[in-house]
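These notes concern the structure reproduced below.
The values are calculated or read from the model by the stated rules, or taken from the named source; none is laboratory data. Bear in mind that the values here come from a model prediction, so they are computed numbers and not experimental data. Reconstructed Cβ throughout: ideal geometry from the backbone, glycine too, with neighbour counts over all protein chains shown.
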Amino acid sequence: MAPGRAGGERRGATSAWLVVGLANPGSEYAGTRHNVGGDAVRVLAERWAVRLRRERRLLAEIGSTSADDGVVLLAVPTTYMNESGGSVAPLVRRASLASLDRLVVVHDELDLEPGRLRLKVDGGLAGHHGLESIARALGTAAFTRLRIGIGKPPRKEMGADYVLARLSGGRQRSRDEDVARAADILEVLVTQGLDEAQRQVTAR
């Protein structure tokens, strides 16, 4: 259930949270491992009846709702993954966050097994080109990340094919379950705070 009424954003107002899910645009990337971050935000938007509208100036699909401590912005960049910073930087300016740890970037993570999640403020970029682009654009990596494990390919040179492959059957169902669990954690984070969300990530 949404934390409040959709459409609560006012331009220039300070937002409580900005939740950004990383993904590649276009139907050819839909359902791939690389797009789990964007899909988690889309699942959350659907649960909360938040419509994500494309805003060309922000290079993102964006929607908002209200929570107890302010406006929550949900966004999926329309840039390619490796250029995510070009969208996230103007989104951060739009959100006027009180603190950059209220920016939550949701993304795929090769170094975590499928089904595993990690929630952390700041930390390394783990060679993720989307995170690297965001850190360059913001001049800092001191934002919150929710990592969704997708596991590693059999061989390192298969990395691009692995993250961009279309899935089917049990692999697709498992991926979708991981996306739904990530949306669960995002909901806890926004409504109950970082400590409780981290506790639930650890408990699962």
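Matching residues to (1) more than 17 Å from Glu132 (Cα to Cα); (2) surrounded by fewer than 24 Cβ atoms within 10 Å (Cβ to Cβ); (3) of a type outside the set (Val, Ile, Thr):
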| site | (1), (2), (3) |
| --- | --- |
| Tyr29 | yes, yes, yes |
| Asp39 | yes, no, yes |
| Val50 | yes, yes, no |
| Leu74 | yes, no, yes |
| Ser87 | no, no, yes |
Is it the case that some residue within segment 152-164 is under 20 Å from His128 (Cβ atoms) and in contact with a Gly (Cβ under 6 Å, 6 or more places away or on another chain)?
yes
Kindly indicate whether Glu46 is of a type in the set (Asp, Glu), out of contact with any helix residue (DSSP H, G or I) (no Cβ under 6 Å at 6 or more places or on another chain) and surrounded by 17 or more Cβ atoms within 10 Å (Cβ to Cβ).
no
Report the residue count in segment 110-142 for those that are more than 25 Å from Arg175 (Cα to Cα) and of a type in the set (A, V, I, L, M, F, W, C).
5
Within segment 74-129, track down each residue that is touching a Phe, Trp or Tyr at 6+ places or on another chain (Cβ under 9 Å), in contact (Cβ under 8 Å) with a residue 40 or more places away in the chain and of a type in the set (Asp, Glu).
Asp101
Suppose we keep only residues that are modelled with pLDDT of 95 or more and hydroxyl-bearing (Ser, Thr, Tyr) within segment 66-94. Which one would you say is farthest from Ser15 (Cα to Cα)?
Tyr80
